[in-house]
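The values are calculated or read from the model by the stated rules, or taken from the named source; none is laboratory data. Remember, it's a predicted structure, so these values are computed and weren't measured experimentally. Using ideal geometry, Cβ is built from the backbone for each residue, glycine included, and neighbour counts are taken over all protein chains shown.
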Amino acid sequence: MSITDMDGPLTGRTALVTGSGRGLGRTIADRLAALGAAVAVHDISEDAPAEFGEATTLQAVAEEIARHGGRTVAVTGDIANEAAVRTLIGQAEAALGPIGILVNCAGGDIAARGGKPRPNTALGIPLEDVRAILDRNLIGTMLVCRAVCPGMIARRAGSVINIASVAAHIGVADGVAYAVAKAGIVEFTRCLAKDLRPHGVRVNALSPGPTMTARFLATRPTRPEMRDESVPLERYGTPAEVADAVAFLAGDGARFVSGQVLCVDGGMSLYPT
């Protein structure tokens, strides 16, 4: 019997996954749908999923995810724009009902004009790129939480999962603004978890290591031996492994887990929490 033939553990819940037209977000949205959730898929534009050949349109992604038998809707908007966030949240909830699972996955180490910042160092990165990366990652996460969490507070239920990065926990020489933004997301997660604890709303962060998304494989050199999925731990991660961790944090198995940061990197970066 498939998950579409029965109620799944997330049946009756509505999830919004930002940045889910492609990459990690798409795999996460697909996993939550497979577990029974109604899912709002999101990207900054309708054609964003085509950038690395993952789909033709965001609507096509929503239709593919709907194969699990649940309801889906595609919503677009810049998460760094407060008015756009209010609009896309309103569209998602009008179509699917109140959001009970929020996954803030949209982000990336992307310069103001696209591509990676050059240079991308602590003293050299252009300030316009710093602001663009902070907007795309930290500010966007905060704005979406500000739009969704009041409803969770009113219902005294909900799970927020913010996607950070192992770069948030270590010093880096390349990708500095991205690491700083993701470190901000980790701290914002802890602060929001404390704020929402009296209301029964859980907030956690997940820090993936290097993960084999289409963008990852297309934008940097990779080591062939690290792409071998038969290797237990000493390799790059897969989007499915990150989605497994998100599914745990979203579901009742993590009902007493809040304010935590879960690293999904095969033990690549070991450090005190």
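Here are a few things to note about the model shown:
- Helices (runs of 4 or more DSSP H) within the range 58-146 that include 1 or more residues over 26 Å from residue 37 (Cβ atoms), modelled with pLDDT of 95 or more and of a type in the set (Gly, Ala, Ser): 82-96, 127-134
- Criterion violated by residue 236 - all others in (1) without any contact (Cβ under 8 Å) to a residue 24 or more places away in the chain; (2) over 24 Å from residue 15 (Cβ atoms); (3) among the aromatic types (Phe, Trp, Tyr) satisfied: (1)
- Of the residues making up the range 169-205, those that are within 29 Å of residue 126 (Cβ to Cβ) and crowded, with 22+ Cβ neighbours inside 10 Å are 176, 177, 178, 179, 181, 182, 185, 189, 205.
- Contacts under 7 angstrom Cβ, first residue in the range 87-103 being within 12 Å of residue 15 (Cβ to Cβ) and touching a residue at least 24 places away in the same chain (Cβ under 8 Å), partner in a strand (DSSP E or B) and of a type in the set (Phe, Trp, Tyr), 6 or more apart: none
- Residue 158 being surrounded by 15 or more Cβ atoms within 10 Å (Cβ to Cβ) and either touching a residue at least 24 places away in the same chain (Cβ under 8 Å) or under 23 Å from residue 252 (Cβ atoms) (or both): yes
- Residue match in the range 1-9 (condition: in contact with a helix residue (DSSP H, G or I) (Cβ under 6 Å, 6 or more places away or on another chain), modelled with pLDDT of 95 or more and among the β-branched types (Val, Ile, Thr)): no
- Test: residue in the range 225-236 that is modelled with pLDDT of 95 or more, touching a Ser or Thr at 6+ places or on another chain (Cβ under 9 Å), outside any strand (DSSP E or B) and surrounded by fewer than 16 Cβ atoms within 10 Å (Cβ to Cβ): no
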